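So the structure is just underneath, and the comments pick up after that.
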Amino acid sequence: MTALANVSVNAHPSWEREYNVERIRADFPILHQKVHGHPLVYLDNAATSQKPRQVIDAITRYYERDNANIHRGVHYLSEKATEDYENSRKTIQEFINAGDSREIIFVRSTTEAINLVAQTYVRQNLRPGDEVLITAMEHHSDIVPWQMICQEKQGKLQVAPINEDGELILEEFERLLTPRTKLVAVAHLSNALGTINPIKRIIEIAHAKNVPVLVDGAQAAPRLPVDVRNLDCDFYAFSGHKIYGPTGIGVLYGKLPILENMPPYQGGGDMISSVAFERTVYNKVPHKFEAGTPDISGPIGLRAALEYINKLGIENIEKHEHELLQYATEQVSVIPGVKLIGTAKQKAGVLSFVMEGVHPHDVGTILDQQGIAIRTGHHCAQPVMHRFGVPATARASFGLYNTKEEIDALVSGIKKVQEVFG
Ligand SMILES: Cc1ncc(COP(=O)(O)O)c(C=O)c1O
């Protein structure tokens, strides 16, 4: 661990209250490098976020001191690894305010969490003619798994439209909820537009018609407070790598009675309590859904990430990113020839834009030459691109360590793009 990392978290309790971005940046080794001769400006946080030293150290410590397989051994290391793995489940439970740690299932990613629900809950409940309702702003991960299961079970995928600002049209959403709707799946925060959906209201509307709701929290969990009990959502999914934790680990929250009635996802070790050729008895929740040796270092790294966020305070992160987004919106929207895609009243984290006469890929390449990392393309949300009549956008997305100076760099970068294409 570097001296700076020690100082920033341990020696300054007041630091927890005063959001000091320079001190925070000291915890992220990757940020302190030059790219193409310029200081790195990392604005691709919606794709994946960087990891603080505390996360990197937790993973290294696990492999240096504690590595063993879990749930099976009586020896010291196995018990230690099991304890760490299960304690991580508790930290995640507390982070999203779930009522019970058994409601936390470890998966690979948001994508796997959604596929799990499609292949278990929806597979079990969808009859021919039944419907799954999503919105027009979903990521491909919250479209394709439903398409696949609907195709197989002769169900129908319904899509609630969005308006010109990229906001869900709630009346249309409500109209599309029918007695055939078996599940609603909706992003808490859109990765392509930055729209924050009125998720609590959406859940109330769906529940009034007895329809359960899955929330895709891939973008929301890293930047907005999430309280699954207050939301009353039935499922909530997010990815470790977008919330300053490792890749390869994700979380599916599900209400316990629902999880208990769901069939398992994959078969194998650990998800059983007994196996005979005649009959296998499945393990209890959550282990029923965690077949085989899981990613053990993943939850341990994710726990370190969530503890890091807890120290900063998710509300402080939300406020910091909101200020960045406001500042960036003010600066970028007045550049002639630049158009924002996604102008919802409630937004977070993401600034998507197109530039007259310049393909987004060229925007990304020229910015990269100045050390600025943004994303260009369809952002795994091709239907959103179709909705706005663009093939792609350039997207800057913010994280807890970004600064106003970095946004100034982005703005001069965009002006440079215009000079090049002048
Ligand atoms: C809104 C949203 N949902 C789902 C995903 C998929 O996440 P992952 O690739 O970690 O499974 C993403 C990733 O960008 C996303 O932004």
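The values are calculated or read from the model by the stated rules, or taken from the named source; none is laboratory data. Since we're looking at a predicted model, the values are computed, not measured. A quick note on method: Cβ atoms are made from the backbone with ideal geometry, for glycine too, and the neighbour counts reach across all protein chains shown.
Within the stretch 397-415, restricting attention to residues that are assigned to a loop (DSSP other than H, G, I, E, B) and more than 16 Å from the ligand (Cβ to nearest atom), the residue that is surrounded by the fewest Cβ atoms within 10 Å (Cβ to Cβ) is Thr403.
Report yes if some residue within the stretch 215-230 is more than 16 Å from the ligand (Cβ to nearest atom), within 19 Å of Ala118 (Cβ to Cβ), in contact (Cβ under 8 Å) with a residue 24 or more places away in the chain and surrounded by fewer than 24 Cβ atoms within 10 Å (Cβ to Cβ); otherwise report no.
To start, the set of residues in the stretch 215-230 that are more than 16 Å from the ligand (Cβ to nearest atom) comprises 225, 227-230.
Of the ones still in play, those that are also within 19 Å of Ala118 (Cβ to Cβ) are none.
No; the residues of the stretch 215-230 include none that is more than 16 Å from the ligand (Cβ to nearest atom), within 19 Å of Ala118 (Cβ to Cβ), in contact (Cβ under 8 Å) with a residue 24 or more places away in the chain and surrounded by fewer than 24 Cβ atoms within 10 Å (Cβ to Cβ).
When the residues of the stretch 331-376 are filtered to those that are buried (at least 18 other Cβ atoms within 10 Å of the Cβ) and at positive phi, the one that is nearest to the ligand (Cβ to nearest atom) is Gly349.
In the stretch 63-82, the residues that are loosely packed, with under 15 Cβ neighbours inside 10 Å form Cβ pairs under 7 Å with partners that are outside any loop (DSSP other than H, G, I, E, B) and among the polar types (S, T, N, Q), at six or more places apart or across chains, as follows: Tyr63/Ser297; Arg72/Ser78.
Checking each residue in the stretch 350-381 for being among the hydrophobic types (A, V, I, L, M, F, W, C) and closer than 24 Å to Ile30 by Cβ picks out Val350, Leu351, Val363, Ile366, Leu367, Ile372, Ala373, Ile374, Cys380. Here Pro263 meets each of (1) touching a helix residue (DSSP H, G or I) at 6+ places or on another chain (Cβ under 7 Å); (2) within 11 Å of the ligand (Cβ to nearest atom); (3) assigned to a loop (DSSP other than H, G, I, E, B) with one exception, condition (2). Scanning the stretch 244-290 for residues that are under 25 Å from Glu64 (Cα atoms) and without any contact (Cβ under 8 Å) to a residue 60 or more places away in the chain turns up nothing.
Of the residues in the stretch 115-127, not one is free of Cβ contacts under 8 Å to residues at least 24 places away in the same chain and of a type in the set (Gly, Ala, Ser). Of note, Ile56 does not satisfy the criterion of being within 16 Å of the ligand (Cβ to nearest atom), among the aliphatic types (A, V, I, L, M) and modelled with pLDDT of 95 or more.
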